[in-house]
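Written below as structure tokens is the structure these notes are about.
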Amino acid sequence: MLQSDCAVRFLRTRLSPAIALTAGLGLVVAAISFFLVWSHERDDLRMAFEQDSRDRIAVLRNRVRDGCLFVESVASFYLGSERVERNEFEAFVAPFPRDYVSLQATEWIARVTDADRASYEAAVRQEGLAGFEITEKAADGRMVRASRRDEYYPVHFVVPGQGNKAALGFDLGSEPVRLAAVRHACDTGLTTATGPIALVQETGRQVGILVLRPIYRRGFPAETVDERRSNLEGFAVGVFRVGDLLDSAIATLEPRGIDVALYDVTESGAGRLLAVQGSHTRAAGGPAGAFVPGDMAAWPRYGERLAAAGRTWEVVCAPTASHVVAQVAWQPWLALAVVLALTAGLTAYLVVARNREGQIVRLAAECTESNETLRREVTERARAEIALREEQEKLAKITGSAQDAIIMMDGDGNVSFWNEAAERIFGHTANEALGKGLHALLAPERFHQAYGRGFAHFREAGEGPAVGRTQQLVGRRKDGKEFPIELSLSAVRVRGAWHAVGIIRDITSRKSMEQELRRLAVIAEQAAEGIAVADLEGNLQFVNNAWAVMHGYGSGAELVGRHLSMFHTDDQLRTDVIPFNEMVKQQGHQAAEVGHKRKDGTTFQAQMVVTLMKDEQGKPYGLAGFAQDITDRKRAEALLAKRTQELASSNAELEQFAYIASHDLQEPLRMVASYVQLLARRYQGKLDADADEFIHFAVDGSARMQTLINDLLTYSRVGTRGKEFAPTDGEAVLQTALSNLEVAIAESAAEVTHDPLPAVMADEVQVVRLFQNLIGNAVKFHGEGPPRVHVSAEQQDGWWTFSVRDNGIGIKPEYHERIFVIFQRLHSREEYEGTGIGLAVCKKIVERHGGRIWLESEEGKGSTFFFTLPPAGQRAACLAAPAEPVAAAEQVAR
Ligand code: ADP
């Protein structure tokens with residue numbers, strides 16, 4: 001419609017100018033076509049003309065060359081003969097057809113000095129040429145006897161004689177143009193042509209040219225100019241009439257209506273016209289410009305230069321009107337006619353079209369209206385399509401980006417829509433799912449029957465038990481795995497049929513989270529520790545059973561919604577609670593022992609830990625409190641502390657007692673022992689045997705008593721007489737202990753070895769005692785072989801662990817604890833000497849240093865005693881070296 005509307009407007013407004021334009025354009029095109037074809041034809045013509053011209057020039061060049069060759073051959077004839085007689089010359093020259101070389105005549109020119117002139121003329125006359133004399137042309141044109149010159153160059157022979165007789169005896173030296181050629185030929189030895197001349201024998205108006213070939217005397221040198229001049233004999237000469245030469249040459253070609261002009265251009269300046277061949281009158285001898293082809297002056301000429309016999313001629317070819325007419329072609333006119341005919345046709349058509357304009361306009365108006373309607377419809381439809389496409393794109397983006405599966409099922413129960421999330425959740429691609437039965441695809445088999453039950457009714461009415469509801473079901477993935485889903489089902493009517501749209505969410509993680517929450521709730525509810533959760537304002541949100549019971553309430557539920565302050569006394573609320581809660585908020589965590597108020601108003605001591613709860617972004621949203629009723633523990637701790645205190649003072653008293661007792665016993669014992677020993681010394685063997693035995697028992701008993709008292713004193717002094725700890729060299733301490741044990745080691749042939757030992761932070765005297773007791777025992781309780789003792793140390797957790805290993809009798813595991821108790825021995829005195837105090841002393845020393853002592857041993861397999869001591873540079877945690885009890889005890893002892 002739009003197009004025809006345009007056409008109507010075109011017809012209305014543009015037709016008349018269009019006709020004019022078409023006609024004008026047609027004429028222009030016709031003219032251009034004509035011109036193009038004509039110029040093409042003209043180019044062809046020019047090329048043909050140039051080719052014809054070249055042909056003519058080539059023929060002429062050949063003629064000139066032939067002429068020169070002929071003169072050369074005449075010269076050769078002369079050179080080859082001793083003496084040439086007139087009849088011999090004629091006989092040699094005559095056979096050459098005149099036309100062939102376009103010769104007017106062939107001549108022999110003799111060289112005659114003035115001295116020889118008379119004899120020469122006489123000799124020629126004798127040959128039969130009566131009246132022969134050397135002549136020249138007088139100013140009036142008559143032939144007269146040549147005036148006197150040094151040398152003459154008379155025509156001696158001329159063939160043919162007919163028409164050329166006038167030339168006999170003519171002296172070439174009498175005329176400057178000829179003389180110039182004579183001199184040039186003589187001096188150079190080259191064939192030389194004269195410039196244009198009027199021949200002596202010329203009766204018409206043709207220009208003549210002589211071609212001279214010098215001949216030098218045989219046997220004489222002719223290398224230099226002088227030699228040539230003096231030895232010159234004469235010239236073989238060809239006489240040419242240029243017009244005839246040109247005519248005869250061109251006559252061999254087909255006439256083409258081309259004028260040919262020949263110019264002599266040897267001398268600089270304008271050349272001279274020698275001859276013209278063609279339709280024009282000859283104007284020989286005139287200047288070059290004299291030849292103007294009148295009728296075709298506009299046409300270009302074609303020219304070439306010929307060089308021969310020392311002269312340069314220019315041949316110029318020009319087309320004549322007859323030539324042009326003969327070549328004129330009909331093609332440009334045909335092109336002109338065709339284009340004009342087409343133009344006329346088109347113009348006529350347009351005129352007819354214009355006459356039909358009214359009709360078309362009417363039709364076009366009708367078309368325009370329906371066109372407009374259609375255009376509106378198309379526009380609206382395009383707009384609606386764009387809107388629809390946008391809606392579809394929007395919908396596709398929504399369903400595509402949805403996290404939940406969106407699935408549509410048609411009335412037959414087959415999948416008709418399947419979004420990306422459905423693919424992600426169930427594992428089926430859209431291609432796999434579309435058109436498949438929904439239940440079979442997504443539900444475990446055991447539910448198929450139940451799900452399919454109400455489907456017939458849904459198809460009819462778009463209703464069903466699941467429609468319009470959200471319910472939790474079990475779904476099945478492509479790999480067969482079942483998982484919990486939440487399905488929201490709705491019914492939509494599409495083209496008269498009910499479809500179901502389901503939005504399905506994978507609730508696996510929600511389910512497991514719920515389960516986890518339930519588990520945590522049970523744990524929290526059943527925990528023995530009281531747990532309460534409150535918001536940041538302190539309003540209780542959860543309280544477990546233990547918390548409720550602890551605070552005298554029946555259940556946690558009755559406390560939810562109430563404020564935390566209910567568990568605090570008024571004093572606490574005034575002083576402690578707010579700062580405590582602030583600390584929790586600042587530090588996120590706080591622990592304290594606080595008093596809590598029960599329902600009945602009584603209080604109890606609680607160990608509280610309060611934690612600030614934060615959401616995923618780290619923003620606090622509540623407080624979680626964990627409470628333990630520590631009333632009993634506190635009571636027990638107080639009791640324990642009291643008992644410990646009591647024990648410590650009783651221990652101290654005991655130590656003091658032991659010290660005092662042993663110290664005070666030493667004096668009387670020393671007296672008893674001294675006197676018993678005195679008795680033994682004085683009365684040994686003087687009384688009866690019983691007395692001796694009794695005295696021996698008394699001595700032995702007092703000695704043992706002394707040892708016991710000393711050991712006991714040592715034991716009691718460990719805690720009371722200890723020195724300050726100082727860095728102590730382990731090696732030095734060991735050496736001291738070994739030197740104290742020197743006798744025992746020697747007696748039992750014991751071997752004591754050790755690894756490098758470290759420095760420790762210790763009471764040096766006590767560590768010597770420690771090594772001494774352990775190594776002494778290792779030596780004492782040896783087996784059958786000699787004792788082997790090895791001492792070493794290694795660092796563990798920053799402390800040094802020493803070990804004393806022996807190969808002795810070993811100790812059963814059940815005695816490993818007991819042997820460290822004072823007076824505990826595993827053998828009788830008869831078997832092994834001892835008081836049972838040594839290891840008790842060791843234990844006391846090690847514990848005073850904050851360490852511990854133990855052993856590894858089996859009966860019969862040796863024993864290894866271990867003890868730990870702090871490294872040098874570290875102060876032991878327990879620096880129990882109380883000076884006061886010692887001082888007090890010693891004071892008491894004194
Ligand atoms: P005493 O050595 O005076 O008997 P100790 O307190 O030193 O007292 O030792 C207690 C007991 O432990 C010893 O009687 C002995 O039975 C046992 N005992 C100690 N050291 C060793 C050891 N190295 N090998 C075997 N038994 C030992």
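Listed here are the residues, each with its yes/no results for (1) farther than 24 Å from Ala433 by Cα; (2) among the hydrophobic types (A, V, I, L, M, F, W, C); (3) in contact with a Ser or Thr (Cβ under 8 Å, 6 or more places away or on another chain).
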| position | (1), (2), (3) |
| --- | --- |
| Ala497 | no, yes, no |
| Ala500 | no, yes, yes |
| Ser512 | yes, no, no |
| Val522 | yes, yes, no |
| Glu529 | yes, no, no |
| Gly538 | yes, no, yes |
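Out of the residues in segment 788-817 that are assigned to a loop (DSSP other than H, G, I, E, B) and within 9 Å of the ligand (Cβ to nearest atom), which is nearest to Leu738 (Cα to Cα)? Explain how you work it out, then say what you get.
Taking segment 788-817 and keeping what is assigned to a loop (DSSP other than H, G, I, E, B), we get 797-798, 807-812, 816-817.
With the extra rule that they be within 9 Å of the ligand (Cβ to nearest atom), the set shrinks to 808-811.
Working: Gly808: 18, Ile809: 21, Gly810: 22, Ile811: 23 Å.
Going through the qualifying residues, I end up with Gly808.
For segment 854-867, give me each residue that is within 12 Å of the ligand (Cβ to nearest atom) and in a strand (DSSP E or B).
Those that are within 12 Å of the ligand (Cβ to nearest atom) and in a strand (DSSP E or B): Leu855, Glu856, Ser857, Ser863, Thr864, Phe865.
Regarding Gly785, is this residue near the ligand (Cβ under 9 Å from one of its atoms), free of Cβ contacts under 8 Å to residues at least 40 places away in the same chain and either of a type in the set (Gly, Ala, Ser) or crowded, with 18+ Cβ neighbours inside 10 Å (or both)?
No.
With the structure loaded, tell me whether Val124 is touching a Phe, Trp or Tyr at 6+ places or on another chain (Cβ under 7 Å), in a loop (DSSP other than H, G, I, E, B) and at negative phi or whether it fails that test.
no
Sort out which residues of segment 394-436 are in contact (Cβ under 8 Å) with a residue 40 or more places away in the chain, in a helix (DSSP H, G or I) and in contact with a helix residue (DSSP H, G or I) (Cβ under 8 Å, 6 or more places away or on another chain), and write them in order of number.
Passing the criteria: Ala422, Phe426.
Go over the candidates Glu136, Glu151, Glu223 one by one and state the one that is under 23 Å from Gly80 (Cα atoms) and acidic (Asp, Glu).
On the way: Glu136 fails: under 23 Å from Gly80 (Cα atoms); Glu151 fails: under 23 Å from Gly80 (Cα atoms).
On inspection, the qualifying residue turns out to be Glu223.
For Val84, only one of the following conditions fails: (1) assigned to a helix (DSSP H, G or I); (2) at pLDDT below 85; (3) of a type outside the set (Phe, Trp, Tyr); (4) surrounded by 15 or more Cβ atoms within 10 Å (Cβ to Cβ). What is its number?
Val84 satisfies all of (1) assigned to a helix (DSSP H, G or I); (2) at pLDDT below 85; (3) of a type outside the set (Phe, Trp, Tyr); (4) surrounded by 15 or more Cβ atoms within 10 Å (Cβ to Cβ) except (1).
Kindly list, by first and then second residue, each pair from a residue in segment 817-829 that is touching a residue at least 40 places away in the same chain (Cβ under 8 Å) to a residue that is near the ligand (Cβ under 8 Å from one of its atoms) and assigned to a loop (DSSP other than H, G, I, E, B), limited to pairs with Cβ atoms under 6 Å and residues at least 6 apart or on different chains.
If the second residue must be near the ligand (Cβ under 8 Å from one of its atoms) and assigned to a loop (DSSP other than H, G, I, E, B), the pairs left are Ile822/Ile837.
Is it fair to say His439 is surrounded by 14 or more Cβ atoms within 10 Å (Cβ to Cβ) and part of a loop (DSSP other than H, G, I, E, B)?
no
Within segment 712-731, track down each residue that is part of a helix (DSSP H, G or I), modelled with pLDDT of 85 or more and not hydroxyl-bearing (Ser, Thr, Tyr).
Within segment 712-731, Gly730, Glu731 meet the criteria.
What number of residues within segment 824-853 are of a type outside the set (Asp, Glu), more than 8 Å from the ligand (Cβ to nearest atom) and surrounded by fewer than 16 Cβ atoms within 10 Å (Cβ to Cβ)?
Total meeting the criteria: 3.
Do you know which residues across segment 262-313 are at pLDDT 50 or above, over 17 Å from Ala198 (Cα atoms) and touching a Gly at 6+ places or on another chain (Cβ under 6 Å)?
Val265
Could you name every one of the strands (runs of 3 or more DSSP E) located completely within segment 540-637 that has at least 1 residues being without any contact (Cβ under 8 Å) to a residue 60 or more places away in the chain?
540-543, 589-597, 603-614
Tell me yes or no: at least one residue of segment 190-203 is modelled with pLDDT under 85, within 16 Å of Thr106 (Cβ to Cβ) and aliphatic (A, V, I, L, M).
The answer is yes; a qualifying residue exists.
Can you name every residue in segment 151-165 that is in a loop (DSSP other than H, G, I, E, B) and over 15 Å from Val237 (Cα atoms)?
Gln162, Gly163 - these are the residues of segment 151-165 that are in a loop (DSSP other than H, G, I, E, B) and over 15 Å from Val237 (Cα atoms).
Give me the pairs: first residue in segment 162-176 and farther than 9 Å from Ile134 by Cβ, second residue assigned to a helix (DSSP H, G or I), beta-carbon distance under 9 Å, and six or more apart or on different chains, which are they?
Leu168/Val124; Leu172/Arg178; Leu172/Leu179; Leu172/Ala181; Leu172/Val182; Gly173/Leu179; Gly173/Val182; Gly173/Arg183
All but one of (1) in a helix (DSSP H, G or I); (2) touching a residue at least 40 places away in the same chain (Cβ under 8 Å); (3) over 30 Å from Glu830 (Cβ atoms) hold for Thr736; state the number of the condition that does not hold.
Here Thr736 clears every test but (2).
What tally of residues in segment 862-894 results from selecting those that are surrounded by 14 or more Cβ atoms within 10 Å (Cβ to Cβ), modelled with pLDDT of 50 or more and not β-branched (Val, Ile, Thr)?
10
Going by the conditions given, is Arg505 basic (Lys, Arg), crowded, with 18+ Cβ neighbours inside 10 Å and out of contact with any Lys or Arg (no Cβ under 7 Å at 6 or more places or on another chain)?
Criteria met by Arg505.
Tell me which residues, restricted to segment 512-539, are assigned to a loop (DSSP other than H, G, I, E, B), under 60 Å from the mean Cα position of the chain (by Cα) and not aliphatic (A, V, I, L, M).
Glu537
Given the condition surrounded by fewer than 15 Cβ atoms within 10 Å (Cβ to Cβ), under 26 Å from Pro871 (Cβ atoms), more than 16 Å from the ligand (Cβ to nearest atom) and without any contact (Cβ under 8 Å) to a residue 24 or more places away in the chain, answer yes or no: does some residue in segment 745-757 qualify?
Checking segment 745-757: not a single residue is surrounded by fewer than 15 Cβ atoms within 10 Å (Cβ to Cβ), under 26 Å from Pro871 (Cβ atoms), more than 16 Å from the ligand (Cβ to nearest atom) and without any contact (Cβ under 8 Å) to a residue 24 or more places away in the chain.
The values are calculated or read from the model by the stated rules, or taken from the named source; none is laboratory data. Here the structure is a predicted model, which means the values were calculated and not measured. Cβ: placed from backbone, ideal geometry, glycine included. Neighbour counts: every protein chain shown.
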